[in-house]
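Notes for the one structure printed next.
The values are calculated or read from the model by the stated rules, or taken from the named source; none is laboratory data. These figures come from a predicted structure and were not determined experimentally. Because the Cβ atoms are built from the backbone with ideal geometry, glycine has one as well, and the counts that use them run over all protein chains shown. Quick note on the areas: whole protein, heavy atoms, side chains included, nothing else; ligands and nucleic acids left out. Shrake-Rupley method; radii C 1.70, N 1.55, O 1.52, S 1.80 Å.
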Amino acid sequence: MKSYSITRRLIISVLLVELLSALSLSAAAMFYERHVRFHSFDIMLRGRADSLLGAVQDAEDTQDNVMLDGTEVNFPREDIYEVQDAGGRVLGHSPNWSGPDAAMLAARPGRSFRLSLRGTHYRVLRIEGLRIVDPGDKGGGIPRRVSIFYGAPIDRVWRDIWRAVGFYALVSLTLLAVSGIVLWWFLNRGLAPLRELAAQASGVSMDSWNFNPPHRARTIAELAPLTAALETLLAGLEHAFLQQRQFVGDAAHELKTAVAVLKSSLQLLTLKPRTALEYERGIERCQLDCDRMEDAVAKMLTLARVETKTESPQAHYATDLVDTLQQVSQQFESMAELKRIRILVSATSPAIVDADPEQLHLLCGNLLLNALQHSAAGSAIRAVLRHDGIGIELDIEDDGDGIAPRDLPHVFDRFYRGDPSRSRNTGGTGLGLAICKAIVSRGQGTIEIASELGIGTRVMVRFPAAMESSASVKVVVRD
């Protein structure tokens, strides 16, 4: 898709709006000027027509007619006029007058009309007047009605109108050009933080996660959410990439170590001829190493599946942690009896958690297995579930060897084992607690470990209580 400039689009859009406004203003100015100037023009025509009416005098004849006194007529040469009496007789007209036409005769008194005469356009006004002949006679004189047609050229009026409109248009275009320059400057200045933010974001790569957004981007209301979102997103991506690299490196190291142990065991068998019993024991050791390697791979796959499993945002679960804990404790009863260890479960049912039931089963299994592997014979493991209405807390406490203080900060790290020799004896891979932490984090919970050497270890897991009334809850019951 072809890229485009936000600045250019905004400037063009604003200029187009201003141009339409300027055109609208020019059109409004033209209508206004036309109305005002022709209104003044009509007033001028009325005044001159009234003056022409004043030049109509008594003809001093026996029929008591009226006439136009030419000595009192003094109008511009380009104007036209004609005076008629009530019978249509022409009393007088201007030298450039060529006679009335149908439009003049049909015009109503007091109204103006347009007339073209020898290529010149006129605006003509018709008025009706009354002159009194012999006003001193008995009866007040004889009334005589006259019709006056007076017109003047309108070309000059239109020139004045277009000159005014041109002035308005020129001023509008000048303001448009000035505002365009000012707008371009302000937009470039205003969008500078966005360009700086984009430049910083474009410099981020898999090899360089350095992202330092400009300070202005944090203080601008429109850019602050975007800046925070980018920082959160890039921090998460960086953590994911680093986690992936660490996981691959740790997995490669663990598998390399396991393969080296297996290879050395096989080489040891081939160094010299051995008895059948020695070969049998060597093969058993190789089998144990293969089992340990298989277990490590299975746990790596489990951890990857827990960390990458995606579900729709509307998907929710309603898993009873009490039932899950009781089922897991029953599965470990045989192992606990062999080691003469008691598993004590204290829980009030139900304790609904919004988490995948399979992952909760794996969580409880890993925690109880860890406690069994590191508890002495004759001791007890206590699993307590508490529900305070806001959250659900699971405590698993043992009386085992405990964890050294230097190892506590690293117990959730992948492949971390405080005592490698003991891990080899118990079959540990260093992934169990990492899997537990991933499951708890996925369920929006927390997990903590408190331990003292020679006294025991306590694992505290807390989940938020699930909303059982939600319409999208998946109620899951394990067999």
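Can you give the FRET efficiency to the nearest 0.05 for V297 and A199, using r as the Cβ-Cβ distance and R₀ = 35 Å?
About 0.20, to the nearest 0.05.
Roll a 1.4 angstrom probe over the protein heavy atoms and tell me the percent of accessible area of the chain that is carbon or sulfur.
58 percent
Please work out how much length the chain gains when fully extended from R9 to L453, using 0.36 nm per residue of separation minus the C-alpha to C-alpha distance, in nm with one decimal.
152.9 nm
If you fit an axis through the alpha-carbon atoms of helix 155-190 and take the longest principal axis of the Cα set of the chain, what angle between them do you get, 0 to 90°, nearest 10?
That helix lies at roughly 20 degrees to the long axis.
On a 0 to 90 degree scale, rounded to 10, what angle separates helix 6-54 from the longest Cα axis of the chain?
20 degrees
At 1.4 Å probe size, with no ligands or nucleic acids counted, give the accessible surface of H316 in Å², nearest ten.
60 Å²
Could you report the chain's accessible area per residue, 1.4 Å probe, as an integer in Å²?
60 Å²
Go through R37, R274, R46 and list them by solvent-accessible area, largest first, probe radius 1.4 Å.
R46, R37, R274
Determine how large the accessible area of K437 is when every protein chain is in place; take a 1.4 Å probe and give Å² rounded to the nearest 10.
Here the accessible area works out near 80 Å².
What per residue convex hull volume, in Å³, comes out for the chain when only alpha-carbon positions are used?
339 Å³
With a point put 7 Å past each Cα toward its Cβ, work out how far M206 is from L288 in nm, to one decimal.
Distance between the two pseudo-spin positions: 4.1 nm.
Between F186 and R274, what length in nm is gained on full extension when 0.36 nm per residue of separation is reduced by their alpha carbon distance?
Gain on extension, F186 to R274, equals 22.8 nm.
For the stretch 206-272 and the stretch 1-54, write down the distance between their C-alpha centroids in whole Å.
68 Å
For the stretch 279-398, what is the convex hull volume of the alpha-carbon atoms per residue, in Å³?
With only Cα atoms used, the stretch 279-398 gives 122 Å³ per residue.
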